[in-house]
Amino acid sequence: MELISLKDMPREVIIGVLRELGYDSDGIFVTDKSGQKVMDPYIDEPVKLDNLLILPGSEVILDSNPISVAGYFEDHGDVL
């Protein structure tokens with residue numbers, strides 16, 4: 001499995017990836033199809049495009065901060 005960083009991709013490409021996964025964006029935040037901001041379940045904050053993390057084997061959208069990443073691996077184990 002190859003890991004790909006979204007960090008240097010154009011916003012349009014990132015939004016396209018989100019749409020393929022059933023999400024969307026208002027240009028700043030990740031949203032669901034109804035326009036509601038997607039909340040990171042570990043820090044209870046909306047996920048911004050600039051801090052977006054999609055882990056392999058998962059369609060969970062997280063903020064890229066260490067608390068969210070650690071919480072995800074604690075809940076789901078090592079999926080990489």
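The values are calculated or read from the model by the stated rules, or taken from the named source; none is laboratory data. All of these numbers come straight from a predicted model, not from anything done at the bench. Neighbour counts are summed over all protein chains in view; Cβ atoms, including those assigned to glycine, are modelled from backbone coordinates with ideal geometry.
Details
- Region 42-72: number of residues that are part of a loop (DSSP other than H, G, I, E, B) and acidic (Asp, Glu): 2
- Looking across region 55-74 at every residue that is of a type in the set (D, E, K, R) and under 19 Å from Val38 (Cα atoms), the one that is farthest from the chain's Cα centre (by Cα) is identified as Glu59.
- Members of region 30-54 that are among the hydrophobic types (A, V, I, L, M, F, W, C) and over 20 Å from Glu74 (Cβ atoms): Val30, Val38, Leu49, Leu52
- Asp75 acidic (Asp, Glu), surrounded by 13 or more Cβ atoms within 10 Å (Cβ to Cβ) and not in a loop (DSSP other than H, G, I, E, B): no
- Scanning region 19-41 for residues that are farther than 19 Å from Ser68 by Cα, free of Cβ contacts under 8 Å to residues at least 24 places away in the same chain and not in a loop (DSSP other than H, G, I, E, B) yields Arg19, Glu20, Asp24.
- Hits in region 2-18 (condition: without any contact (Cβ under 8 Å) to a residue 12 or more places away in the chain and assigned to a helix (DSSP H, G or I)): Glu12, Val13, Gly16
- Selection status of Val30, modelled with pLDDT under 95, surrounded by 12 or more Cβ atoms within 10 Å (Cβ to Cβ) and of a type outside the set (D, E, K, R): no
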